[in-house]
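Working notes for the structure below.
The values are calculated or read from the model by the stated rules, or taken from the named source; none is laboratory data. In this text, all values refer to a predicted model and were calculated from it rather than measured experimentally. Ideal geometry is used to build each Cβ from the backbone, glycine not excepted, and the neighbour counts take in all protein chains shown. Only protein heavy atoms, including side chains, enter the accessible area calculation; ligands, DNA and RNA are left aside. Shrake-Rupley method; radii C 1.70, N 1.55, O 1.52, S 1.80 Å.
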Amino acid sequence: MKILSIVGTRPEAVKMAPVLRALNAQSWCEAPLLLTGQHRDLVDTALRQFDIVPDYDLDLMMPGQTLGALTGRAFLALEKTLNEIKPDIVLSQGDTTTVMVSSICSFYHGIPFGHVEAGLRTGDIRNPFPEELNRVITGRVADFHFAPTPASADALRRELVPEDKLFVTGNTVIDNLAYYMDRVAPSQFAAPEGKRLILMTSHRRENFGEPMRQYFAGLREVIDARPDVFLVYPVHPNPNVVSTAQELLGDHDRIQLIDPLPYFDFVAAMKAADLIVTDSGGVQEEAPFLRKPVLVLREETERPEAVSSGVARLVGLKREKVRDTVLEVLDNPDVYAAMASGASPYGDGLASNRIVQVLANYAGKTYEGEQIGPFEG
Ligand code: UD1
Ligand code: UDP
């Protein structure tokens, strides 16, 4: 039984690493990895940290790539490579171009497709852009829907996904974090003794331009207003992000714009942070597990669980709102404590095992490990 995992970007490397570990622990399957190379340095750095060497690499990334050009290159290269590999099952994770193309190519080849992190929806096809469309397309094609939470499974039920294709697993991002969080070295970006650290990430396409300018300006006002607060921002290499970050957040003695951090260093920075401000999907899931308050730089989220439980807040994109909310969390110990005290709604560290258990059943093989029930949320 050949189960091919396809990965393209940094978050897919982080979230598929534990699935690959779990697959490789089984004797009944082989588990090659195909890298589309939608990302280059980001994905290579992540995979290297997890000691994962891809078996195939389509090397797709071009600087400043457009969605259409990337998608076209991905279809051509993936179709050819699937013909060579002939997997029995294809797995991919999330909502990127890599995932959408992998699902359609698998469909064209008649190969069963498993979608890891299935059922995330905002309900607005243009937000996040283009990820919501990618999710909807992938959800139409998938044969196994590995929903991270009960709410994401319900979203798939509303789209009439049959129960026998639907599995609530938890999010594999927590498997990785649970495995590594106590093994990372202390962060070199920790704030000086008695000072506070905000860790920020931001890269979403729908935030390019004015929205990003607005919230960067709001964050700068926070740093100006609180002399004990430091901001560290590992800047995503997308050229649209780099230029705006330098213009609005550059040249400040308490703001550090740094290169993207290797995963272990980023986990260390999250642990050192007092507050995390982000538009990233994965970081929204990781922060609550580390009991760090997280403010989400978006108007809506497909990850409402942490917002409902009070450990995350959607702050939107406006300068004043971002500034005032960050200041409220920093200044009000009760607000801070309430946001820092919650548990993670996104997983219990066993998501990858659940996924492999399902695949073993499908293949008519015995799962080599303890049987685990669904993730209850
Ligand atoms: C992509 C995904 C997004 C995901 C994000 C995770 C799509 C459409 N977008 O967005 O869903 O949240 O990855 O980070 O699938 N670049 C580099 N080095 C890298 C990676 C990117 O230089 O290792 C630069 C290149 O100029 C590249 C550009 O960033 O052309 C955009 O990369 P792309 O994968 O198209 O979009 P992301 O913004 O990274
Ligand atoms: N991450 C990292 N280094 C960084 C920033 C983020 O390793 O400098 C990790 C983070 O821990 C999370 C993942 O990258 O697991 C999130 O990726 P990203 O924000 O690029 O994408 P998204 O989750 O929004 O799709």
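Considering segment 295-307 alone, what residues qualify as being in contact (Cβ under 8 Å) with a residue 24 or more places away in the chain and either in a helix (DSSP H, G or I) or open to solvent by less than 70 Å² (accessible area, probe 1.4 Å) (or both)?
Kept after step one, since they are in contact (Cβ under 8 Å) with a residue 24 or more places away in the chain, are these residues of segment 295-307: 295, 297-306.
Passing the criteria: Leu295, Leu297, Arg298, Glu300, Thr301, Glu302, Arg303, Pro304, Glu305, Ala306.
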* **Subset of segment 3-13 (residues that are within 12 Å of ligand 1 (Cβ to nearest atom) and open to solvent by less than 10 Å² (accessible area, probe 1.4 Å))** => Val7, Gly8, Thr9, Glu12, Ala13
* Looking only at segment 229-253, which residues are open to solvent by less than 40 Å² (accessible area, probe 1.4 Å), within 23 Å of Leu330 (Cβ to Cβ) and not in a strand (DSSP E or B)? -> Val235, Ala245, Leu248, Leu249, Gly250, His252
* Structure fact -> By residue number, the members of segment 176-212 that are among the basic types (Lys, Arg) and more than 12 Å from ligand 2 (Cβ to nearest atom) are Arg183, Lys195, Arg196
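Of all the strands (runs of 3 or more DSSP E) wholly in segment 90-180, which have at least 1 residues that are open to solvent by 30 Å² or more (accessible area, probe 1.4 Å)? So that I can check it myself, show each step before the final result.
Details: elements: 113-116, 144-147, 166-168.
Correct list: 166-168.
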* **Conditions (1) more than 15 Å from Val19 (Cα to Cα); (2) among the aliphatic types (A, V, I, L, M); (3) crowded, with 16+ Cβ neighbours inside 10 Å; number of the one not met by Leu67** => (3)
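Give Leu23, Leu4, Leu34 a once-over and let me know the one that is closer than 15 Å to Ile89 by Cα and under 19 Å from the mean Cα position of the chain (by Cα). Quick ask: steps written out before the conclusion?
On the way: Leu23 fails: under 19 Å from the mean Cα position of the chain (by Cα); Leu4 fails: under 19 Å from the mean Cα position of the chain (by Cα).
Every option except Leu34 fails the conditions.
Mind checking which residues of segment 31-50 are of a type outside the set (Phe, Trp, Tyr) and part of a loop (DSSP other than H, G, I, E, B)?
Passing the criteria: Ala31, Pro32, Thr36, Gly37, Gln38, His39, Arg40.
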* Would segment 23-36 turn up any residue that is buried (at least 24 other Cβ atoms within 10 Å of the Cβ), of a type outside the set (A, V, I, L, M, F, W, C) and out of contact with any Cys (no Cβ under 8 Å at 6 or more places or on another chain)? -> yes
* Asked: Would it be correct to say that Asp51 is within 12 Å of ligand 1 (Cβ to nearest atom), open to solvent by 30 Å² or more (accessible area, probe 1.4 Å), free of Cβ contacts under 8 Å to residues at least 24 places away in the same chain and over 24 Å from Asn83 (Cβ atoms)?
  -> no
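Here are Phe129, Phe113, Phe144, Phe107: which of them is out of contact with any Phe, Trp or Tyr (no Cβ under 9 Å at 6 or more places or on another chain) and aromatic (Phe, Trp, Tyr)? Full working, then the answer.
Details: Phe113 fails: out of contact with any Phe, Trp or Tyr (no Cβ under 9 Å at 6 or more places or on another chain); Phe144 fails: out of contact with any Phe, Trp or Tyr (no Cβ under 9 Å at 6 or more places or on another chain); Phe107 fails: out of contact with any Phe, Trp or Tyr (no Cβ under 9 Å at 6 or more places or on another chain).
Phe129 is the lone residue from the list that is out of contact with any Phe, Trp or Tyr (no Cβ under 9 Å at 6 or more places or on another chain) and aromatic (Phe, Trp, Tyr).
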* Structure fact -> Out of (1) within 20 Å of Val116 (Cβ to Cβ); (2) without any contact (Cβ under 8 Å) to a residue 40 or more places away in the chain, the one Cys29 does not meet is (2)
* Asked: In this structure, does Glu368 turn out to be part of a loop (DSSP other than H, G, I, E, B) and at pLDDT 95 or above?
  -> yes
* Asked: With (1) surrounded by 18 or more Cβ atoms within 10 Å (Cβ to Cβ); (2) within 16 Å of ligand 1 (Cβ to nearest atom); (3) free of Cβ contacts under 8 Å to residues at least 40 places away in the same chain as the list, and Gly281 as the residue in question, which single condition is left unmet?
  -> (3)
